[in-house]
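**Q** This is the structure I want to talk about, given as structure tokens.
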Amino acid sequence: MAATPQTPAWPQEGLTRVPYWVYQDADLYRQEMDRVFRGRSWNFLCLAAELPGPNTFRTSDLGDMPVVVTRDAEGAFHAFENRCAHRGALLVFKPAGSAREMACVYHNWTYDLTGKLTGVAFRRGIKGSGGMLPDAQPDAQAPRQLKIENYHGLLFGTLADGMPPVEDYLGADVAEKVRRVMAKPVKPLGGYSQMLPNNWKLYMENVKDTYHASLLHLFFTTFRINRLSQRGGVIVGGDGGCHVSYSITDAVKSDDYEKAGMRSAAGGFALEAPEVLDSVDEIGDGITVQIVGVFPGFVLQQIKNCLAVRRVAPRGLESTELFWTAFGYADDDQARTELRLAQANLIGPAGFISMEDGAATGFVQRAIIGAGDHQAVVEMGGRDVASNESRISETSVRGFWQAWRARMGL
Amino acid sequence: MATIDPRVQWQVENLLARYVHALDDDRLEDWPGFFSSTGRYRITTAENHAAGLPLCIVQADSPAMMRDRVAALRHANIYEAQGYRHVVSSTLITRAEGAIVDAVSNFHVARVMHDGATLLFATGRYIDRILLGDAPLFEDKRVLLDSRRIDTLMAIPL
Ligand code: FES
Ligand SMILES: [Fe+2]
């Protein structure tokens, strides 16, 4: 799609409208890589537990910028740009591994695990010829260092100076809901990624759209896992970009869906193996489903006993890679691990309650192609950004745009 | 290496052929019937497998769980009309003891969308444990994807 010569103004209705050009403009995409992902945002990098000990590394992204996350010999975490100071080659290709130092394959410049340049091959040449002049500064273009914070086992990184701590970035109420899941040391159970045929923002809006959950995902309602008539709520935190939605499931008696004659009420069949959905109230507060969305691209989920993090990596204007990592607690017994693994059938590209998300956001991208001058309507639950007991609301979607517009100056 | 009875090789390949034709012909209701009553089915990535991580993309620990997945695909889940075309080859029997046979096969799966868009959707290995008999059945089927990256969604089993 050609870039619009001049970014049009935001609709005067404000947060209740999202102009479709935000998903289509190539110049805007480049700007948001700088202003959103490499600007004043905390970006989730990976679980601290995905770096199991000293001298380990893992690759991640800051928007479209590749980064390396490491633990040095003392076990301290670091993160830096995955770009060599010399000619800019990738320093690390493997998704994860262990190493005492890193060597760029192109010309073998070496780095320690903090990202500091430690060696330049043939710096003084051979037998007095070749090499660099004595006043050369080979590290003048060193990979950029990220500031990182390990927030209860979640590693966040930023390039911005003077960011508030992650706790403040989330807001106290959202932070409390993050801590309730990350209350104990965790262990990764595995992962996969999913290529979504749409702009990254459409996926994050989908995460924050509590209104769609039981309307698009019919597995929820057909098998009566989650209905909007259950108790729960939406909390918006930080500058609007962070949210949590949660529900507390009681035995469902409500026939609101049937009364409204909605498609998602079509029932009439039961699971043969319902034990997949038996869950244990292991946190002890009755919350059975909780989704935390953190601006710009992080999701922490508890769906029954299935715990996972999701990381959004933009791969171009209309392509997004979504990384899923499921985890349990380090002290889980075999039965608890098996329960989490069985419930992992609910999530991911083949997930009973998540497979539609990969398609729905792509449907938007395809449908709006000729409608760059039109807008999405975001008026469920009013016009403001506020916490809400009802999840028949788009309050956290409006919050996302509030955070995005503040960074983009739009 | 011990010689494999060609009749065993044929039985294994015939089971695989009937299995992939059922999926490609949209006879999903027949899918659980290719498994024994204690049969398991899992799709995971070579990366998880190599790292010893147990997470699956699809995990059915019994034919009942497979029937639940078919019911969900037919009645609950929403996805665009699509079909697969499997190509299975290089079936290698790695162990044959009595009625129990272990086999590994390569597969390619093309996904064909309703509008004609065709994609090489998945490549990988079937790692199968098969019970021979009048009607050979899968006792365990592990679908090991070469890539951890799935395009859009994975509705139909592989
Ligand atoms: S680009 Fe890395 S050493 Fe030359
Ligand atoms: Fe969803």
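The values are calculated or read from the model by the stated rules, or taken from the named source; none is laboratory data. Given the structure is predicted, the values throughout are model-derived calculations rather than measurements. Positions of Cβ are backbone-derived with ideal geometry, glycine not excepted, and every protein chain shown enters the neighbour counts. Note: areas computed on protein heavy atoms with side chains; ligands, DNA, RNA excluded. Shrake-Rupley method; radii C 1.70, N 1.55, O 1.52, S 1.80 Å.
**Q** Only helical DSSP H runs with n ≥ 4 go in: add -39500 (n - 2.57) per run for chain B, normalise by residue count and round the 222 nm mean residue ellipticity to 500 deg cm²/dmol.
**A** -7500 deg cm²/dmol
**Q** Further question: Okay, helix-only estimate at 222 nm for chain A: each DSSP H run of n ≥ 4 adds -39500 (n - 2.57), divide by all residues, round to 500 deg cm²/dmol; what do you get?
**A** Value at 222 nm, helices only: -5500 deg cm²/dmol.
**Q** With a 1.4 Å probe and all protein chains kept in place, how do A:H78, B:H49 rank by accessible area, largest first?
**A** B:H49, A:H78
**Q** Can I ask one more? For the protein assembly as shown, which whole percent of the accessible surface, found with a 1.4 angstrom probe, sits on carbon and sulfur atoms?
**A** Here it works out to 52 percent.
**Q** Between A:E176 and A:A26, what is the spin-label point distance in nm, taking each point 7 Å from the Cα along the Cα→C-beta axis?
**A** In this crude label model, A:E176 to A:A26 measures out at 4.8 nm.
**Q** Okay, moving on. Quick one: go through region A:45-74 and flag any residue whose amide nitrogen is under 19 Å from the point 7 Å out along the Cα-to-Cβ line of A:R100.
**A** Label zone hits: A:52-58, A:70-74.
**Q** Report relative contact order for region A:7-115 in percent, whole number only (criteria: Cα-Cα under 8 Å, sequence separation at least 6).
**A** Reported as a whole number, the value is 18 percent.
**Q** If r is the Cβ-Cβ distance from A:F363 to A:R123 and R0 is 41 Å, what FRET efficiency results, to the nearest 0.05?
**A** FRET efficiency, A:F363 to A:R123: 0.15.
**Q** So what are the ³J(HN,Hα) numbers for region A:70-81, from phi and the Karplus equation (6.51, -1.76, 1.60; θ = phi - 60°), rounded to whole Hz, Gly and Pro as x?
**A** Residue by residue, region A:70-81 yields 10, 10, 7, 4, 8, x, 6, 8, 9, 8, 8, 4 Hz.
**Q** Same structure, new question: Mind telling me which of B:I93, B:I78, B:I130 comes out most flexible in a GNM of chain B, alpha-carbon contacts under 10 Å?
**A** Looking only at B:I93, B:I78, B:I130, the largest GNM fluctuation is found for B:I78.
**Q** For region B:6-145, how big is the tail of P(r) above 26 Å, as a whole percent of Cα pairs?
**A** The proportion of pairs with Cα distances above 26 Å equals 22 percent.
**Q** While we're here: So who's got an amide H within less than 5 Å of the one on A:Y151, skipping anything under 5 residues away but keeping other chains? H placed 1.01 Å off N, in plane.
**A** Placed amide hydrogens put A:F156 under 5 Å from A:Y151.
**Q** Also: For region A:1-105, I need the span (max minus min coordinate) of the C-alpha atoms along each principal axis, in Å, sorted largest to smallest.
**A** 54, 31, 19
**Q** Solvent-accessible area of A:H86, probe 1.4 Å, all protein chains present, reported in Å² to the nearest ten, please.
**A** 70 Å²
**Q** Before anything else, pin down the relative contact order of chain B: Cα pairs under 8 Å, at least 6 apart, normalised by residue count, whole percent.
**A** Result for chain B is 25 percent.
**Q** Based on a Kirkwood Rh over C-alpha pairs, give the Stokes-Einstein translational diffusion coefficient of region B:77-158 at 4 °C and viscosity 1.567 mPa s in µm²/s.
**A** It diffuses with D of about 91 µm²/s by this estimate.
**Q** While we're looking at this one, here's another question. Using a cut-off of 9 Å between beta-carbons, work out the net charge of the residues near A:F57 (Lys and Arg +1, Asp and Glu -1, A:F57 not included).
**A** Every neighbour counted, the sum reads +3.
**Q** Under 1.5 on a/c is rounded, so check that first for region A:172-408, then, if it is not, pick prolate when a/b is larger than b/c and oblate when it is not; a ≥ b ≥ c are the square roots of the alpha carbon gyration tensor eigenvalues.
**A** rounded
**Q** Would you mind getting me the FRET efficiency between B:V87 and A:D333? Use the beta-carbon distance for r and R0 = 51 Å, nearest 0.05.
**A** For B:V87 and A:D333, the calculated efficiency is 0.75.
**Q** Quick one: order A:T221, B:T3 from most to least accessible surface, probe 1.4 Å.
**A** Solvent-accessible surface, decreasing: B:T3, A:T221.
**Q** For region A:43-149, what log10 I(q)/I(0) values come out of the Debye formula at q = 0.09, 0.11, 0.15, 0.19 1/Å, with one point per alpha carbon and no solvent?
**A** Calculated log10 I(q)/I(0) at the listed q: -0.24, -0.35, -0.61, -0.90.
**Q** Taking the Cβ of A:E32 as the centre, find all other residues whose Cβ is under 9 Å away and add up their charges (Lys, Arg: +1; Asp, Glu: -1).
**A** Taking every other residue near A:E32 into account, the sum is +3.
**Q** Which pairs, out of A:K94/A:K116; A:K94/B:K141; A:K94/A:K208; A:K177/A:K208; A:K116/A:K184, put more than 25 Å between their alpha-carbon atoms?
**A** Beyond 25 Å: A:K94/B:K141; A:K94/A:K208; A:K116/A:K184.
**Q** GNM, chain A, Cα, under 10 Å: largest mean-square fluctuation among A:S245, A:S41, A:S319?
**A** Evaluated over chain A, the most mobile residue of the options is A:S319.
**Q** For region B:1-77, just list the percent of Cα-Cα distances falling in each 10 Å bin from zero outward, please.
**A** With a bin width of 10 Å, the distribution comes to 16, 36, 34, 12, 1.
**Q** Name the long-range amide H neighbours of A:G381: under 5 Å, sequence gap of 5 or more, or other chain; modelled H, no Pro or chain starts.
**A** A:E394
**Q** So how far apart, in nm, are the two label points at A:L133 and B:E97 if each is 7 Å from Cα heading toward Cβ?
**A** The modelled label-to-label distance comes out at 7.3 nm.
**Q** If you don't mind, another one. For peptide A:273-280, what's the mean number of Cβ atoms from other chains within 10 Å of each residue's Cβ?
**A** 3
**Q** Using a 4.7 Å Cβ cut-off, which Cys residues in the protein assembly as shown lack a partner cysteine?
**A** A:C46, A:C242, A:C306, B:C56
**Q** For chain A, what relative contact order do you get, as a whole percent, if you take Cα pairs closer than 8 Å and at least 6 residues apart?
**A** Reported as a whole number, the value is 21 percent.
**Q** If one takes the longest principal axis of the Cα atoms in chain B, at what angle in degrees, from 0 to 90 and to the nearest 10, does the Cα axis of helix B:63-75 lie?
**A** With both axes taken from Cα atoms, the answer is about 20 degrees.
**Q** Continuing with the same structure: Which whole-Hz ³J(HN,Hα) couplings does region A:289-296 yield from phi under the Karplus relation 6.51 cos²θ - 1.76 cosθ + 1.60, θ = phi - 60°, glycine and proline marked x?
**A** For region A:289-296, the Karplus-derived couplings read 9, 9, 10, 10, x, 10, 4, x Hz, x marking Gly and Pro.
**Q** Also, I was wondering about something else. Viscosity 1.306 mPa s, temperature 10 °C: what is the translational diffusion coefficient of region A:328-410 from Stokes-Einstein with a Kirkwood Rh over Cα pairs, rounded to a whole number of µm²/s?
**A** 96 µm²/s
**Q** To two decimal places, what compactness ratio does the protein assembly as shown give when its Cα radius of gyration is scaled by 2.2 N^0.38 Å?
**A** Cα-based Rg divided by the globular estimate yields 1.03.
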